[in-house]
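Trainee: Provided herewith is a single structure, encoded as structure tokens, for subsequent inquiry.
What follows is calculated from the coordinates using simple rules that are stated; it is not laboratory data. This one's a predicted model, so the numbers in the text were calculated from it and none came from an experiment. So basically every Cβ, Gly included, is an ideal-geometry build from the backbone, and we count neighbours across all protein chains shown.
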Amino acid sequence: MKFSHRLTYDASPSDVRAMLGDPAFREKVCVAMEASRRDVTIVPSGAGAMSVVVEQVQPARGIPSFAKRFVGDEIHIVQRESWTDGSSADLTIDLPGKPARFAGSITLAPDGDGTVETISGDVAVKVPLVGGRLESLVGDLLQAALRAEERVGRAWLAGSR
């Protein structure tokens, strides 16, 4: 399933990129998403490049009954970003032990005095018969997570750290 989501910030792309490269910001996003456990690793590699791994466990709340047997009581999420420069990254989100994956990209682009962050790619769930419904569910969960990240990001960029 194709997926795309835009986040907007009242800050320059370089400020947004700096925020995304700050472990304290990533931790704050995990807290906003009510992760029960989390681990954030950010490794800069020069000239705007960096590797980001955010691993978290969230309670599986609001999951429809048809999906509950695939998900269980908790959702383990591993998000990996490989930033090649200050404005773009490859992104994968895996659910270890589950047949679900997101693979795509992140781009930062100026938009007037602000920045648009675009996450786009494909959600794939390899489960016969209900895979399409599960892909839609994963897409909805990803949208909710990105809305939380945007709320935290806007507050962060406004000075609430």
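Trainee: Between TYR9, THR92, ALA24, whose Cα lies farthest towards the positive end of the dipole of the chain when Lys and Arg beta carbons carry +1 and Asp and Glu beta carbons carry -1, centred on the Cα centre?
Mentor: THR92
Trainee: While we're looking at this one, here's another question. Assuming R0 = 22 Å, what is the FRET efficiency of SER65 and ASP140, from their Cβ-Cβ distance, to the nearest 0.05? Spell out each step's value before the answer.
Mentor: Numbers: r = 16 Å, r/R0 = 0.70.
With a Förster radius of 22 Å, E is 0.90.
Trainee: Further question on the same structure: Can you flag which of LYS2/LYS28; LYS68/LYS126; LYS2/LYS98 are past 22 Å Cα-Cα? Walk me through the numbers on the way to the answer.
Mentor: Numbers: LYS2/LYS28 28 Å; LYS68/LYS126 16 Å; LYS2/LYS98 19 Å.
Distance filter (> 22 Å) returns LYS2/LYS28.
Trainee: Indicate the helices, whole DSSP H runs only, in the chain that combine a mean Kyte-Doolittle hydropathy of -0.5 or more with a Cα extent along their long axis of 24 angstrom or more. Write out the running numbers ahead of the final one.
Mentor: Working: long enough: 131-157 (38 Å, -0.01).
Qualifying helices, which must be both long enough and hydrophobic enough, are 131-157.
Trainee: Can you compute the charge dipole magnitude of the chain about its Cα centre, using +1 on each Lys and Arg Cβ and -1 on each Asp and Glu Cβ, nothing else charged? Give it in debye, rounded to the nearest 20. Can you show the working numbers first?
Mentor: Details: 19 positive and 21 negative charges, 126 e Å.
Charge dipole, the chain, about its Cα centre: 600 debye, nearest 20.
Trainee: So if the hydrodynamic radius of region 2-157 is defined as the Kirkwood radius over C-alpha pairs, what does Stokes-Einstein give as its diffusion coefficient at 20 °C and 1.002 mPa s, in µm² per second? Intermediate values should be presented prior to the final figure.
Mentor: Details: Rh = 16.0 Å.
My calculation gives 134 µm²/s for D.
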